Amino acid sequence: MQNLLELERNNIEHLLGVRAYVLDHQPFDVRSCLAAQNRAFSNLEFLEQRVAHIQPGDLYHLTDPFNCQFLVLRLDDCLLFCGPYLNEIPERSQIHQLLAANHLAYSQQLALSTYLSFVPVCEDLPIFSALQLLFRAVEGPAAQLNYQHFRHLPAETAQLPYSP
């Protein structure tokens, strides 16, 4: 199974351009797999809380407060964690909506735009299909995933961990 996981991780990264990680030690350490990325605008606690409850056969689709997407598949004692990625390049009006929804100052528009410009763009379906194929390769062709989508709603007072 480890070979299949690594093959699918490589496929997702090289063919779709989205970072993918195999986490194989419980508790699953989302924070360290994302440490190399600029996570200034994401809520790692939200990701960690969701991943802590994932069960084998679960496929979680997580959307953070800035519309960054993550897909997480649990297989036995490991996770395939994909993301962040965006479904589309946000326009200026969408950046303004994100700032307002997250109670951030307009002066942080450049910081948010810069952050989102480094997040790869991909549709959900190719990654979802890759994860579903992996799951069926491991569990059998009739195996069904338990798909759940969690959207993080911004906190009343979202703040950056540093000044932009």
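The values are calculated or read from the model by the stated rules, or taken from the named source; none is laboratory data. None of these values were measured; they are calculated from a predicted model. Neighbour counts are summed over all protein chains in view; Cβ atoms, including those assigned to glycine, are modelled from backbone coordinates with ideal geometry. Ligands, DNA and RNA are excluded from the accessible area calculation, which covers all protein heavy atoms including side chains. Shrake-Rupley method; radii C 1.70, N 1.55, O 1.52, S 1.80 Å.
Quick check: residue separation of ARG151 and GLU123 times 0.36 nm, minus the Cα distance between them. What number comes out in nm? Display every interim value, and only then the final one.
Numbers: separation 28, 0.36 × 28 = 10.08 nm, distance 1.66 nm.
In short, 8.4 nm is gained.
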Item to check | Most fluctuating residue given options LEU44, LEU134, LEU86, as computed from a GNM of the chain linking Cα atoms under 10 Å | outcome: LEU44
Next on the checklist: Using only the Cα atoms of segment 1-126, what are the Rg and Dmax in Å?
Outcome noted: 15.1, 48
Item to check | Carbon + sulfur, % of accessible area of the chain - ligands and nucleic acids excluded, 1.4 Å | outcome: 53 percent
Checklist entry - Can you give the FRET efficiency for ALA143 and LEU110, using 1/(1 + (r/R0)^6), R0 = 45 Å, r = Cβ-Cβ distance, to the nearest 0.05? => result 0.45
Checklist entry - Placing +1 at every Lys and Arg Cβ and -1 at every Asp and Glu Cβ, with all other atoms neutral, what dipole size does the chain have around its Cα centre, in debye to the nearest 20? => result 300 debye
Item to check | Accessible surface of ASP76 - all protein chains present, 1.4 Å probe, nearest 10 Å² | outcome: 80 Å²
Checklist entry - Between ARG151, ARG92, ARG19, which gets the highest mean-square fluctuation from a Gaussian network model of the chain, Cα cutoff 10 Å? => result ARG92
Checklist outcome for this item: Heavy-atom accessible area per residue of the chain, all protein chains kept, 1.4 Å probe, expressed in Å², is 54 Å²
Checklist entry - Got a sec? Charge dipole of segment 75-153, +1 on Cβ for Lys and Arg, -1 for Asp and Glu; which of SER107, PHE81, GLN97 is way out at the positive end? => result SER107
